[in-house]
Amino acid sequence: MVEKRRPIKVNEAIKKVMAYAKTGQIEEIPIEQAYGRFLGEELVADHDVPMFDRSPYDGFAVRAEDTKEANRNNPVTLEVIGEIGAGSVFEGPVGKKQAVRIMTGAQMPDDCDAVVMLELANEFEQGGKPYFDLKKQMKSGENISFQGEDTKKGTVLASKGTYINPGIVALLATFGYKYVPVSKKPTIGIIATGSELLQVDEPLQPGKIRNSNAYMVHAQIERAGGHPIYFGQFSDELEVCYEQVKNTLEKVDFLITTGGVSVGDYDYLPEIYKMLGANVLFNKIAMRPGSVTTIAEINGKLLFGLSGNPSACYVGMELFVRPIIRTHLQSSRPYVNKTVAILGADFPKPNPFDRFVRGHLRYENGQLIATPSGLDKSNVVTSLAHANVLIQLPGGTRAYEKGMGVDVLLLEDQEGTTS
Ligand SMILES: Nc1nc2c(c(=O)[nH]1)N[C@H]1C(S)=C(S)[C@@H](COP(=O)(O)OP(=O)(O)OC[C@H]3O[C@@H](n4cnc5c(N)ncnc54)[C@H](O)[C@@H]3O)O[C@H]1N2
Ligand code: MOO
Ligand SMILES: [Mg+2]
């Protein structure tokens, strides 16, 4: 007699798993390797940027008061008493009707309060000395990048757990991080189960398929920011799988298995959880695909029993494993980000369970359109290739029509959300 499983709501399932979410440790890595990692600490400006008033143009640093009388018919003449390249500092005083040639990025001389662009200065020499005429009155503060205008000392620029994009890398360099504190990646074991599975390089045989889940999950873990370790594929033999799961558990922060969670004769994961003495959080979720996703816990360590069906496995990974990874990486926004889009095609199949349809999101005439990216069956693999969203269709009796507003989960987004 097959056991009767009680489906729980998706949000309830996520909550049950997240009760075991833990933040991980921090490690320091060279800045060159920081891109794509997650900040282990908040990034605070420990000095003003820029640190000094500087010129945004190549030109002349002047005292605005000397240009008061200047206009188109009445140029003022200023004497050029020196030159400052970026990186140098002009030490001397700048007196009445004097100016200093200055380059973009160079520190302003203390006595000057405006910069004349080179194009506006009519340069000439007299008695062996350089001068220029200026036909424009300068305002005090004109053409200056002021100290602290970019950011002020003490400003929090990014919170911990932030995904390090190239812009964050620029900030890290600005504040002198040769080594960057990043969240240590959780190690996540992957085990594929199924006697039908061929290795990726084996020729096809009758009744067999190649193991795609292991590599797909490997990539999904990397996208989420974790460190995957693939422990191999095992045929449906209870003892072998049990030993493998038990040994692997000791080596990883979390373990993902694919396949063997349903009610088939060779679906051994439920039995393995029993043998391990694991606490099964749930074994049925009111969702499609992935209704048989089973998650267990042993001494606080999570075992994700993802479905063998590729699309179900994929969805289970994004909904349940990803927020656990992101929390480990210190993010306070661990969930897949969401937005609303317009459904790009009819979806006529009503279902009592919530659906997560693999979809492709695109911009069209300023609107976001989400269209299913292939056949919507949980055993389908090709619909995953062009999926950049999961279209979330609440369960019920209704069909969904092209043009309706729908929630979409943004799979390639790195910002995440709080719920
Ligand atoms: N009587 C019932 N049968 C099924 C139920 C049910 O409730 N009652 N649930 C169905 C649902 S929903 C799903 S999803 C699948 C889940 O199956 P399992 O998680 O037990 O996975 P397997 O039986 O091992 O495999 C299912 C399917 O996926 C293929 N597979 C497995 N591993 C891989 C892999 N690494 N790469 C690619 N494809 C893989 C496997 O060949 C099967 O076709 O159960 C339904 N049945
Ligand atoms: O777990 Mo299944 O994917 O609902 O078809
Ligand atoms: Mg099965």
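The numbers here are math on the coordinates, done by the rules we state, and not lab data. Worth saying up front: this structure is predicted, and the values here are computed from it rather than measured. Here the Cβ positions follow ideal geometry from the backbone for every residue, glycine too, while neighbour counts run over all protein chains shown.
You can think of it this way: the chain between Q199 and Y20 has 61.1 nm of extra reach, that is 0.36 nm per residue less the Cα-Cα gap. Divided by 2.2 N^0.38 Å, where N counts the residues, the Cα radius of gyration of segment 299-372 comes to 1.38.
Available extension along the chain between M404 and E119 is 96.9 nm, counting 0.36 nm per residue and deducting the alpha carbon span. Full extension of the chain between L238 and A170 yields a length gain of 19.3 nm, computed as 0.36 nm times the residue separation minus the alpha carbon distance. Loop-located trypsin sites (Lys or Arg not before Pro) in segment 315-419 (DSSP state other than H, G, I, E, B) with a sparse environment of at most 14 neighbouring Cβ atoms within 10 Å: K377, R398, K402. Using the empirical formula 2.2 N^0.38 Å as the baseline, the Cα radius of gyration of segment 59-134 reaches a ratio of 1.02. For a modelled paramagnetic label at I342, 7 Å from Cα along Cα-to-Cβ, the residues of segment 386-415 in reach, with backbone nitrogen under 14 Å, are 401-406. Here K136 and E415 are evaluated by their C-beta separation; at R0 = 51 Å the FRET efficiency comes out at 0.65. In nanometres, what is the gap between the two model label sites at N279 and K178, each 7 Å from Cα along Cα-to-Cβ? Going by the 7 Å Cα→Cβ label model, 4.7 nm. Solvent-free Debye calculation, one equal scatterer per alpha-carbon of segment 1-82: log10 I(q)/I(0) at 0.16, 0.20, 0.21, 0.22 Å⁻¹ equals -0.94, -1.11, -1.15, -1.19.
Under 19 Å from a label point set 7 Å out along the Cα-to-Cβ vector of I29, the amide N atoms of segment 223-254 belong to 223-230, 252-254. Assuming R0 = 41 Å, what is the FRET efficiency of T155 and H386, from their Cβ-Cβ distance, to the nearest 0.05? Calculated value: 0.50.
For segment 338-410, the equivalent ellipsoid derived from the alpha-carbon gyration tensor has semi-axes of 18, 15, 10 Å in decreasing order. Residue order for V408, V252, fewest other beta carbons within 10 angstrom first, comes to V252, V408. For the chain, the relative contact order is 16 percent, taking Cα pairs closer than 8 Å that sit 6 or more residues apart in sequence and dividing their mean separation by the residue count.
Taking the three principal axes of the alpha carbon atoms in segment 107-190, the coordinate ranges are 80, 24, 19 Å, sorted in descending order. When the alpha carbon coordinates of the chain are projected onto the principal axes, the ranges are 107, 48, 42 Å, largest first.
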